[in-house]
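> Input: one structure, supplied below.
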Amino acid sequence: MTNYQCKKARLIESLKQTNGRVRLRKSTSNLFRNRTSSSASLDVREMNQVINVDTAQQTVEVEGMTTYLDLVDACLQHNCMPLVVPQLKSITIGGAVSGIGIESSSFRHGLPHESVLNMEVLLSNGEVENCSPNGKNRDLFYGIPNSYGTLGYVLKLTCKTMPVKPYVSLTHTRYHSPEKYFEAVNAACASDVDFIDGSIFSENELYLSLGKFTNEAPYTSDYTWLNIYFRSVQSRSADYLSIQDYIWRWDTDWFWCSKNVFAQNLPIRLLLGRKRLNSITYQKIMRWNVRYGITAKINALLSRQPESVIQDVDIPIANAAEFLKFFIKEVGIKPIWICPIGGHDPQRVFPSYPLNSKGIYINFGFWDVVQNPEKKPTGYFNRLIEDKVSKLGGIKSLYSDAYFSQKQFMDMYNGAAYDALKTKYDPEQKFKSLYQKCVLKN
Ligand SMILES: Cc1cc2nc3c(=O)[nH]c(=O)nc-3n(C[C@H](O)[C@H](O)[C@H](O)COP(=O)(O)OP(=O)(O)OC[C@H]3O[C@@H](n4cnc5c(N)ncnc54)[C@H](O)[C@@H]3O)c2cc1C
């Protein structure tokens, strides 16, 4: 038996010893939903190895709980990378494929699940199914994205990779209106660049960042310690990064969310040092804060009514300017990260996260707290956003809070197709349903 097969056999045995109501025990997590119920934990931490990088076929075979940090390290040794690498080092490939990930290569390669060639999935009854686009379990293959472990756990995957060059040459261009900005994003998607994303600081300060692989660089910048990447977007029009630093450019400051732990102040950066300035440290601090209720106690003392608005939503590009103006006026969180999504293969339809294969979508990412001057109903801002996303033909990721009614949820995530998969692959409903897990937080 291979090492992977031994680990798989152990995991099946552990799952069989539970009644199926399990949660994954992992070393890291990017889930922002707090669970309201407790369940047995299934220790999947050892499923974290890169099995094989095949440069001739441009594929990688990897265990499901491998972090992108380890996956990228293994691939870069062979001068290649997965087609889409989420920005945070601790995201695992199984998490990104069962949830929804994205990055600046998504305008060409879609979302991480769109470059998966096959997967092994552990079902609630302890069976492991091999799923591929044309195999007998093709419905499960297409149903896993956006199922968040409610149909099964992804134990192993084979994914496409692409060759890399040692550097990325970057340009940051400022735009002064949402309309002109999204026109430029659209044009960039049809160009020969390799990476596209953007940072929006206000309705007239919108930056489009374009990256291109290059073999040579006159210099390289370093944003892994004292300098902060998102500030460079505002202050310089051109830059060069090593491919590794480009891939992890957002991780050092968790985009801009490191401000919550004061890590954008020089003394704190000096104190934390290069090794601790990363999303893994911030997650630990955040969980520690939730466990001891520090921020909650301060808010209660100051009679504040904050609402956490941590979301990623995808909007058809024709409606992107309207969404942005609504968001700045009604919610007001800044900065906002944007990233175009395209390149879908019309033959590969993922029913639980349906994106129209013909057009480009814009992902908007915003991760902060809105301080309400007066008491508002629970989830007020999140509900406003959900309604606007629905009206504009968009869709939202489910890693954080969601307030949809069951009917809205069924409509947005193709509930009929999901229910059919649930009945087939988890007939005894040992795992929670997607609605229970993502909205009711049971
Ligand atoms: C603040 C924040 C920022 C984010 N930023 C980005 C970003 O920049 N780019 C991006 O691409 N994505 C981003 N995401 C989304 C992220 O990719 C998804 O939430 C993803 O599911 C997290 O993967 P994880 O490995 O950390 O999984 P976890 O957080 O551990 O788990 C997430 C969910 O997926 C399930 N799950 C985990 N592993 C598996 C598996 N192997 N098989 C089946 N189900 C599994 C878990 O049961 C759980 O329900 C962000 C999320 C947050 C909270």
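The values are calculated or read from the model by the stated rules, or taken from the named source; none is laboratory data. Predicted model, so just to flag it, every value in this text is computed and none were measured. Cβ placement follows ideal geometry from the backbone for every residue including glycine, while neighbour counts extend to all protein chains displayed.
> Condition first: among the small types (Gly, Ala, Ser) and either surrounded by fewer than 20 Cβ atoms within 10 Å (Cβ to Cβ) or modelled with pLDDT under 95 (or both). Now tell me which residues in the range 331-364 satisfy that.
Of everything in the range 331-364, those that are among the small types (Gly, Ala, Ser) and either surrounded by fewer than 20 Cβ atoms within 10 Å (Cβ to Cβ) or modelled with pLDDT under 95 (or both) turn out to be Gly332, Gly343, Ser357, Gly359.
> Please determine, by comparing only the residues of the range 3-22 that are modelled with pLDDT under 85 and of a type in the set (Val, Ile, Thr), which one is farthest from the ligand (Cβ to nearest atom).
Here the answer is Thr18.
> Return yes when Val121 is out of contact with any Asp or Glu (no Cβ under 9 Å at 6 or more places or on another chain), within 11 Å of the ligand (Cβ to nearest atom) and either within 17 Å of Thr158 (Cβ to Cβ) or not in a strand (DSSP E or B) (or both) and no when it is not.
Spelling it out, it is not the case that Val121 is out of contact with any Asp or Glu (no Cβ under 9 Å at 6 or more places or on another chain), within 11 Å of the ligand (Cβ to nearest atom) and either within 17 Å of Thr158 (Cβ to Cβ) or not in a strand (DSSP E or B) (or both).
> A further question on this structure: Tell me the helices (runs of 4 or more DSSP H) entirely within the range 376-442 that contain at least 1 residues that are at pLDDT below 95, under 18 Å from Pro145 (Cβ atoms) and β-branched (Val, Ile, Thr).
none
> Then there's this: Could you figure out which of (1) within 12 Å of the ligand (Cβ to nearest atom); (2) modelled with pLDDT of 95 or more isn't true of Val60?
Result: Val60 passes all but (1).
> Looking at Ser308, Ser303, which is the one that is modelled with pLDDT under 80 and either part of a strand (DSSP E or B) or on the phi > 0 side of the Ramachandran plot (or both)?
Answer to the selection: Ser303.
> When residues of the range 86-104 are filtered for being surrounded by fewer than 24 Cβ atoms within 10 Å (Cβ to Cβ) and more than 8 Å from the ligand (Cβ to nearest atom), how many remain?
Residues that pass the stated criteria total 1.
> Under 7 Å between Cβ atoms, at least 6 apart or on separate chains: pull out the pairs that start in the range 324-353 with a residue that is more than 22 Å from Phe255 (Cα to Cα) and end on any residue that is aliphatic (A, V, I, L, M) and assigned to a strand (DSSP E or B).
Between residues of the range 324-353 that are more than 22 Å from Phe255 (Cα to Cα) and residues that are aliphatic (A, V, I, L, M) and assigned to a strand (DSSP E or B), the close pairs are Tyr353/Ile395.
> Say we look at the range 23-57 and pick out the residues that are surrounded by fewer than 16 Cβ atoms within 10 Å (Cβ to Cβ) and at pLDDT 85 or above; which of these is nearest to the ligand (Cβ to nearest atom)?
So the residue we want is Arg45.
> Taking the stated definitions as given, is Trp250 part of a loop (DSSP other than H, G, I, E, B) and buried (at least 22 other Cβ atoms within 10 Å of the Cβ)?
yes
> Could I ask something else about it? Does Gly135 meet the test of being under 21 Å from Arg45 (Cβ atoms) and out of contact with any strand residue (DSSP E or B) (no Cβ under 6 Å at 6 or more places or on another chain)?
no
> Write out, first by first residue and then by second, each pair whose Cβ atoms fall under 6 Å of each other, whose residues are 6+ apart or on separate chains, and whose first residue, in the range 187-206, is touching a residue at least 24 places away in the same chain (Cβ under 8 Å) while the second is among the small types (Gly, Ala, Ser) and not in a strand (DSSP E or B).
Close Cβ pairs (under 6 Å, with a partner that is among the small types (Gly, Ala, Ser) and not in a strand (DSSP E or B)) amount to Cys189/Gly342; Phe195/Ser104; Phe195/Ser105; Ile196/Ser104; Ile196/Ala188; Asp197/Ser104.
> Quick one: what pairs do we get from the range 119-131, first residue among the acidic types (Asp, Glu), second part of a loop (DSSP other than H, G, I, E, B), C-beta under 7 Å, 6+ apart or different chains?
Glu129/Leu123; Glu129/Asn137
> For the range 325-358, which positions are farther than 19 Å from Asn146 by Cβ and in a loop (DSSP other than H, G, I, E, B)?
Residues satisfying the conditions are Val331, Gly332, Ile333, Lys334, Pro335, Lys358.
> Filter the range 144-170 for residues that are part of a loop (DSSP other than H, G, I, E, B), more than 9 Å from the ligand (Cβ to nearest atom) and touching a strand residue (DSSP E or B) at 6+ places or on another chain (Cβ under 7 Å) and give the result.
If the condition is that a residue be part of a loop (DSSP other than H, G, I, E, B), more than 9 Å from the ligand (Cβ to nearest atom) and touching a strand residue (DSSP E or B) at 6+ places or on another chain (Cβ under 7 Å), then Val164, Lys165, Pro166 are the ones that fit.
> Filter the range 271-295 for residues that are in contact (Cβ under 8 Å) with a residue 40 or more places away in the chain and farther than 17 Å from Trp254 by Cα and give the result.
Selection gives Val290 alone.
> Looking at this structure, is Leu122 within 19 Å of the chain's Cα centre (by Cα) and either at pLDDT below 95 or farther than 24 Å from Ser104 by Cα (or both)?
Working: within 19 Å of the chain's Cα centre (by Cα): no; either at pLDDT below 95 or farther than 24 Å from Ser104 by Cα (or both): yes.
For Leu122, the condition - within 19 Å of the chain's Cα centre (by Cα) and either at pLDDT below 95 or farther than 24 Å from Ser104 by Cα (or both) - is not met.
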